[in-house]
Amino acid sequence: SEEAHCLVQQSLPRQAPEIKEEAAVTRVERISVRDFKQNFFKKDLPVVITGVMDDWPALSLWRDLRYLRENFGHRTVPVELGRIAG
């Protein structure tokens with residue numbers, strides 16, 4: 001209802017809450033497996049890892065429809081539609 005919408009809207013903060021620096025998730029560029037395990041995995045800390053797929057061939061090959069057709073056009077791929085596919 002419109003009344004419920006107004007109540008929800010009034011209870012929301014006017015701006016996003018500030019994230020304290022110590023609570024922010026660390027971002028690293030191209031971390032080694034050893035450093036990841038030592039600094040994040042073993043300490044059970046979250047991390048955002050960037051740059052590791054920059055040189056991944058699939059990023060360009062899978063956008064090329066000619067490549068996909070020539071190499072995989074003979075395959076049948078099942079496609080499921082809807083919210084609950086499976």
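What number of residues in the range 54-76 are surrounded by 10 or more Cβ atoms within 10 Å (Cβ to Cβ) and closer than 30 Å to residue 23 by Cα? So the answer is 0. Restricting the first member to the range 14-35 and to residues that are closer than 28 Å to residue 53 by Cα, and the second to residues that are open to solvent by 70 Å² or more (accessible area, probe 1.4 Å) and acidic (Asp, Glu), the beta-carbon pairs closer than 9 Å and six or more apart or on different chains are 30/54. If you take the residues in the range 17-35 that are of a type in the set (D, E, K, R) and in a loop (DSSP other than H, G, I, E, B), which one is surrounded by the most Cβ atoms within 10 Å (Cβ to Cβ)? Looking at the filtered set, the residue picked out is 30. Here residue 38 fulfils each of the conditions (1) surrounded by fewer than 10 Cβ atoms within 10 Å (Cβ to Cβ); (2) among the polar types (S, T, N, Q); (3) at pLDDT 95 or above apart from (1).
Give the residues of the range 46-78 that are touching a Lys or Arg at 6+ places or on another chain (Cβ under 9 Å) and not in a loop (DSSP other than H, G, I, E, B), sorted by residue number. Residues satisfying the conditions are 47, 48, 49, 50.
The values are calculated or read from the model by the stated rules, or taken from the named source; none is laboratory data. No experiment lies behind these values; they were computed from the predicted model shown. FYI the Cβ positions are ideal-geometry reconstructions off the backbone, even for glycines, and counts take in every protein chain you see. Ligands, DNA and RNA are stripped out before the accessible areas are found, and what is left, the full protein with its side chains, is counted by its heavy atoms. Shrake-Rupley method; radii C 1.70, N 1.55, O 1.52, S 1.80 Å.
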